[in-house]
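Reading through the structure tokens given below for one structure.
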Amino acid sequence: MKFHPAVLMLIVWFSAFAGFIILPFELTHRTIGFQGLMVLLAFILTFCLGGFLRTVHLSQRPVASTQGLRLKRADFVLKSLATVACLTMAFEIVRSGALDIGSAYSARSDQAQALLHGDLSQSSGIFKIGFLCYPAGYVYLVRGLLFDAKPRWTTIIVFGVLPGILAGLAMGGRTPIVNTMAYGFLAYRARAVLYPRIGQIDRPKPGKVNPLIKVAAVVFGLFAFNYFINVFIVRADAVGGADMMLDFVASQWGVTFGGPGADAMIALFGTVTTYLIFVFVWYLVQGIVMSNSLFTSYLGDPLMGVYGIDILTAVMRRVDPAGVSEKFNYLLNLDTYGFLPSAFGSLYVDFLFGGLFFAFLWGWLAAVVYRNIRRGRDTRWFIFAPFITLGVIFSLINTPLGFSNGFITHFWLVTTFLLIRRPRMMQPTG
């Protein structure tokens, strides 16, 4: 972990505000109030307080060797889950025709409407099994890149990369694919800390990669980028194209590119590219706007995790579908349903100001991971690093437990950590 989690949190949110101010975002029927900004600041600083109270700063100390880690039990569990995920998600893709992006978009919209009307999810039982299993692929991807001095690339691709790709295609979404790319990148970067020595037979230079793997990574990146663009283009075509989409978001989302410099961007890049820039960045900065609306306007009861955690939402839809529908329709009336509330807006809806406690706890736990990684005594802690880092970055969207099936992801992550055994004596490697 390059930065202390609290420092990274400040960098992330400062960057988001900078992007929102520098790019020509213009709010139409939305506003950002001072009170909401102060509540957001309180949540961010509470996270930082939790982190700094545990550990302020530690230099990276020599890291214990990964040799001798007993990984068989963890690998068996993760590979089994990843296999089930691949089979179920592949079946779901064939069954539902999810490769048709337009149909997938319609299906996602139908699911959102079903939630508002109190209807039960129409997802198949096969899909539900895959939904519970595919996050194990993220964990195996990180484990494979971190704890093998010579990564077994075929195994990593099958059990670490493929589940996320198939899940993204089956759900018609981008997040599982983005997560797969992000976890892989962060885990590979961490190898420079785990394997600092160059020239040893079992410790190759971290940057030395088989050319075929480099080509595969580039192809995967291009595939993912093209898929993301096609999803956004299909959505724009549904309302008449990119020109109409910028007008549509102005009236329906309450934001568009209409501020100073917007006309210059359109003239320079064209309408389609400008729309793509808008929608990509909007995904990362809308938490500023939506959390502000929630902090200033939400007067409902705390939802106790039903708003921010996917699996709890699914359970409560079975237990009390009418109640869930009523609560989410209230959010619809606030014009926040369907938007990304940020981690802190999500915590506020679920726990009101009690969410400050969970922000503090999150910061404290993130610093626990940071401290154990920096001490270097137990390399098992490195498996948490990509998840902590990405959780802080995507605090712009939701909490680590609420973002993209995050609760299940972290369940498999903690399970894996507990299943890995280390030798009684682990000596530093450098």
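A few points about this structure:
- Counting only Cβ charges, +1 for Lys and Arg and -1 for Asp and Glu, the dipole size of segment 247-335 around its Cα centre is about 180 debye.
- Residue with peak Gaussian network fluctuation, the chain [Cα springs, cutoff 10 Å], from Phe34, Phe20, Phe328: Phe34
- Using a probe of 1.4 Å on the protein chains alone, the accessible area found for Lys150 is around 120 Å².
- Restricting attention to the chain, the count of lysine pairs at 8 or more positions apart or across chains with alpha carbons under 29 Å apart stands at 19.
- Take the Cα radius of gyration of segment 301-386 and divide it by 2.2 N^0.38 Å, N being the number of residues; the result is 1.41.
- Solvent-accessible surface of segment 147-199, taken per residue with a 1.4 Å probe and all protein chains present: 39 Å².
- Each part gets one Cα centre, and for segment 255-289 versus segment 334-412 those centres are 28 Å apart.
- On a per residue basis, segment 366-422 carries 30 Å² of accessible surface, using protein heavy atoms and a 1.4 Å probe.
- Among Val368, Val319, Val84: highest mean-square fluctuation, GNM of the chain, C-alpha pairs under 10 Å: Val319
- For segment 333-430, the square roots of the Cα gyration tensor eigenvalues, ordered a ≥ b ≥ c, give a/c of at least 1.5 with a/b greater than b/c, which places it in the prolate category.
- Gaussian network model of the chain, springs between alpha carbon atoms under 10 Å - residue of Arg54, Arg380, Arg73 with greatest fluctuation: Arg73
- Between helix 406-419 and the chain: long-axis angle, C-alpha atoms, 0 to 90°, nearest 10: 10 degrees
- Accessible carbon and sulfur surface of the chain relative to its total accessible area, %, 1.4 Å: 67 percent
- Segment 255-331 - accessible surface per residue (Å², probe 1.4 Å): 43 Å²
The values are calculated or read from the model by the stated rules, or taken from the named source; none is laboratory data. The model shown is predicted, which means the values in this text are computed figures rather than measured ones. Here the Cβ is made from the backbone with ideal geometry for all residues, glycine too, and neighbour counts use every protein chain on show. With ligands, DNA and RNA removed, areas are computed over all heavy atoms of the protein, side chains included. Shrake-Rupley method; radii C 1.70, N 1.55, O 1.52, S 1.80 Å.
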